[in-house]
Every structure is written in structure tokens, then in C-alpha cells.
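The structure appears below as C-alpha cells.
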Amino acid sequence: MSAQATPLHLRLPATSANLGPGFDALGLAMGFYLTIDATQSSEFHIKASGRNADQCAHLKNNLILRTYDEVLTAAGRESIPYISLDIHNEIPLGMGCGSSAAALVAGVTLASHFGHLNWTRQQILEEACRREGHPDNVAACVMGGMTASAMHGRHVVTATCGENLKWNLLLAMPSASLATEKARALLPSVYSRADAVANIQNTALLVAAFAQDRPDLLKAAMHDRIHQPYRMDACPLLKLLLPLAEHQPGVLGVALSGAGPSVLVVAKDEETAAKLPEIMRQVANDPMLEVVRTTIAQASLQV
């Protein structure tokens with residue numbers, strides 16, 4: 001019988017994927033978190049606080065626990081250790097902020113720790129990416145900063161930059177969520193060469209902007225022709241806020257956050273960011289629109 005594992009503390013950031021043209025390739029870690037304190041226990045138990053606490057506390061169909069169980073079962077563990085989770089969640093569910101990626105990374109990391117798998121951060125990253133199906137959110141959640149990533153079979157190659165940029169982020173969140181599966185169903189199966197080339201060019205510029213601290217590049221670099229035009233009707237907030245990048249002083253870029261429906265706005269400084277929530281509510285004609293101000297987060301997963 002294996003020794004009881006020590007308690008584990010996890011702090012996993014929210015993430016915004018795509019950033020406009022970087023479809024399934026780029027992700028950005030944001031400074032609000034899924035925090036978990038886990039201990040080995042005599043039964044599965046979850047205590048949850050924060051956003052969507054009721055859903056986070058469910059034992060049945062809980063993505064963290066399901067991932068935990070599946071990873072250990074696949075690893076050949078006949079006896080799955082019971083764990084107790086004390087969760088504080090700041091990441092809204094179904095809003096394009098990487099809640100599923102954070103849950104998957106949590107589940108895999110918990111399995112590695114309490115199942116004594118002793119996986120490296122790279123192994124945790126690859127297992128979570130395989131389960132997510134694409135690496136953008138997971139890579140940003142694990143690595144922090146802005147990540148560019150690609151899957152080669154079961155292997156994931158990542159590069160991170162922009163962890164120390166002082167750009168301000170604002171996330172506008174409508175009241176209704178949007179399932180990723182529904183958002184993906186809106187996309188065409190074939191794209192023109194012109195659209196593909198435009199996105200390749202803009203993605204290259206976008207990575208350069210983060211790597212070289214070139215905020216002047218973002219306005220052009222965050223233009224997208226692959227997914228945002230097709231999700232506009234399902235994410236009406238995007239259509240309303242996109243013009244801010246062209247006409248509002250201090251706004252560096254605007255993009256759908258992940259598959260939506262939230263919209264990410266990048267501001268050049270704190271002074272601009274302080275004024276923008278009210279401007280965004282006026283543009284959206286919604287005085288109750290929730291706008292979260294945050295910053296780029298650094299890596300917080302320690303293995």
C-alpha cells in the first residue's frame with residue numbers, strides 16, 4: 001500500500017485563447033484563478049466558494065474528479081485514492097475564459113500527485129492537451145504569459161513570452177454563456193487561401209507584439225478571418241466592442257475570448273483601463289455588463 005500523499009495547493013489562471021487570429025494556437029494567462037487545496041481523505045468531498053460555487057461543488061459529472069479518476073485508471077491504479085478539495089473559483093464557466101482547461105490541468109495534476117505518478121510539468125501539459133483536443137488554453141494555463149503551441153501527435157511544443165508586459169486586460173462578460181461545442185459548430189469546414197494567409201500573417205505579427213513589447217502592432221495583428229466573423233451572431237457583444245480598437249484612444253486591440261461569448265480588450269495603461277468599463281457598457285447599451293479588469297499572469301503550476 002503506497003504512503004499517503006502530502007496536501008497539494010494549486011493556483012491555475014484563467015486563459016483567453018486565440019487572441020483574434022491565433023486559432024487553436026495562441027493563449028494568454030489572465031490574473032484570476034482556480035485555487036484548490038487538496039488532501040487525501042476517506043471519501044471524495046468538495047467544498048467550493050467563488051464563481052459558480054454550486055456547480056464546482058458537485059461530485060457527479062465534476063470535470064476535475066472525472067479527469068483525476070480517468071488518468072489514474074488509465075495508469076493502472078486499481079485503488080483510486082479519495083481526495084477532499086477546497087476550491088475557490090474566480091473563472092466563470094462557459095464564458096471563453098479557460099475554465100475547462102484549468103479543470104483538466106487540475107485533474108491531471110491531482111492524479112499525478114495523489115496517485116504517485118510523479119509526472120513532469122510537460123507530461124501534465126500533454127495529458128491535459130490531449131483531453132482538451134487543442135493546446136491553446138491548456139498551454140497558457142500551465143506556462144503563463146502568452147503561449148504559442150502546437151500538437152505533434154501526443155507531444156506538445158510550446159513557447160512563452162510576454163509574462164512581464166504591463167498591458168491592462170479587460171474582459172467583458174455577457175449574462176448568457178456559450179458552449180464551446182456550439183461555437184465550434186458555427187465554423188466552416190473550408191477556408192479560402194486569402195483568409196488563411198491573412199491569419200498566418202496576423203498571428204506572426206501578434207507573437208512579435210508580445211515578444212518585443214510592441215503594443216503598436218496589436219491593432220492590426222488581432223484582426224481575424226477564421227472564426228470571429230462566423231461567431232459574431234452568437235456573440236453580439238463582439239460586434240459592438242470591436243470598433244473600440246479603431247476609434248477609442250488607448251485601446252490596443254479587441255478580440256473574442258476563446259470561443260466566446262466574452263470579449264477581451266487590451267488597454268495600453270491603467271489610466272485607459274480605468275475609463276473603459278463605463279465606455280464598454282455604454283457601447284454595449286448594457287449598464288449591468290460585467291467587466292473584469294486584470295493583467296497578464298505568470299506561470300503558477302509548480303511540479
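General remarks:
- Boolean, residue 94 is touching a Pro at 6+ places or on another chain (Cβ under 9 Å), within 28 Å of residue 162 (Cβ to Cβ) and at pLDDT below 95: yes
- Helices (runs of 4 or more DSSP H) lying entirely in region 226-297 (those with 3 or more residues that are buried (at least 21 other Cβ atoms within 10 Å of the Cβ) and of a type outside the set (Lys, Arg)): 236-241, 270-284
- Checking each residue of region 32-39 against the condition of being touching an Asp or Glu at 6+ places or on another chain (Cβ under 9 Å), open to solvent by 40 Å² or more (accessible area, probe 1.4 Å) and modelled with pLDDT of 95 or more gives at least one match.
Residue by residue, here is whether (1) over 12 Å from the mean Cα position of the chain (by Cα); (2) assigned to a strand (DSSP E or B); (3) free of Cβ contacts under 8 Å to residues at least 40 places away in the same chain holds:
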| residue | (1), (2), (3) |
| --- | --- |
| 123 | yes, no, yes |
| 126 | yes, no, yes |
| 130 | yes, no, yes |
| 134 | no, no, no |
| 140 | no, no, no |
| 150 | yes, yes, no |
| 160 | yes, yes, no |
| 165 | yes, no, no |
| 169 | yes, yes, no |
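- Of residues in region 53-79 being part of a loop (DSSP other than H, G, I, E, B) and crowded, with 17+ Cβ neighbours inside 10 Å, the one nearest to the chain's Cα centre (by Cα): 62
- The single condition among (1) outside any loop (DSSP other than H, G, I, E, B); (2) open to solvent by 10 Å² or more (accessible area, probe 1.4 Å) that residue 29 does not meet is (2).
The values are calculated or read from the model by the stated rules, or taken from the named source; none is laboratory data. Note that the structure is predicted; figures quoted are calculated from it, not measured. Here Cβ is always computed from backbone atoms with ideal geometry, including for glycine, and neighbour counts include all displayed protein chains. With ligands, DNA and RNA removed, areas are computed over all heavy atoms of the protein, side chains included. Shrake-Rupley method; radii C 1.70, N 1.55, O 1.52, S 1.80 Å.
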